[in-house]
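Taking it in order: structure first as structure tokens, then the write-up.
Read-outs throughout are calculated quantities, based only on the coordinates presented, and are distinct from any laboratory measurement. None of these values were measured; they are calculated from a predicted model. For neighbour counting, all protein chains shown are included, and Cβ atoms are generated from backbone atoms with ideal geometry for every residue, glycine included.
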Amino acid sequence: MKTSSHVLSLIRDAKATTEEALAQFDTLQPVGLDFMLGRWQGSEIDTSHPMNGLLAVSSWYGKEFVDPDHVHPLLCLDYRNNVIKVAPHPMAMGLVLNMPMLKNKAMKPLLTLTSALLKTEQSKARLRMMEYRGKVSATMIYDDLPINDVFRKVDEDTVLGVMDFKDAPEPFFFVLKRVLKRCSVTG
């Protein structure tokens, strides 16, 4: 199936309304668990979600799927631009949604330091097939947060993701591009 020019425009422009992004997400095909295995580099789609802008300031890199039971949901860059695995913290999500000042570029050094302090080698999520908006697709389930990230296929090395966070009124959209096919279990 060929990806529509509307989806490609959404990814290229990295900006849309929530309704536009959902409409394009709904046109995409689901993916299986094996499809998601590997390391992926991420970028966000600006839909005016409270999280928009925070990932760039926090040096977010992407996600890593070792196997269905070993997932690193939050990869960030440290101060030397090395990719590190970070443990998502439940309290941090509340701060993100309620403190927009964290998205200020001046906060980048503090957020980079915080990521380094939360560095882990342990898996902090898992991957399962779940239904979302009428289609069953690979979904990342955080271990300690009420968040599911649902993935749909753009092409063989790109997915559009939706973060479905129980405490947020709207979904958060992001794109993942594969940079490594397979990863080894490290924790």
Check your understanding: How much FRET efficiency would the formula 1/(1 + (r/R0)^6) give for Asn81 and Glu131, where r is the Cβ-Cβ distance and R0 is 22 Å, rounded to 0.05?
Key -> 0.05
Point to revise | Sequence of Ser137, Ser43 once ranked by neighbouring C-beta atoms within 10 Å, starting from the fewest | key: Ser43, Ser137
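For Arg12 and His89 in the same chain, what is the full-extension length gain: residue separation times 0.36 nm, less their Cα-Cα distance, in nm? Walk me through the intermediate numbers first.
Details: separation 77, 0.36 × 77 = 27.72 nm, distance 3.05 nm.
Result for the pair: 24.7 nm of gain on full extension.
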**Study point:** Label point distance in nm, Asp34-Asp67, each placed 7 Å from Cα along Cα→Cβ
**Key:** 1.5
Check your understanding: How far apart, in nm, are two points set 7 Å out from the Cα along the Cα-to-Cβ line at Leu22 and at Asp46?
Key -> 2.2
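Gain in length, Lys119 to Arg182, computed as 0.36 nm per residue apart minus the alpha-carbon separation, to one decimal in nm? Kindly include the intermediate steps, with their values, before the conclusion.
On the way: separation 63, 0.36 × 63 = 22.68 nm, distance 2.12 nm.
Separation in residues times 0.36 nm, less the Cα-Cα distance, equals 20.6 nm.
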Study note, to complete from the structure: Fewest to most Cβ atoms within 10 Å: Arg126, Arg80 sort as Arg80, Arg126
Exercise for review: Rank these for me by crowding, Thr17, Thr120, Thr47, going from fewest to most other beta carbons within 10 Å.
Suggested key: Thr17, Thr120, Thr47
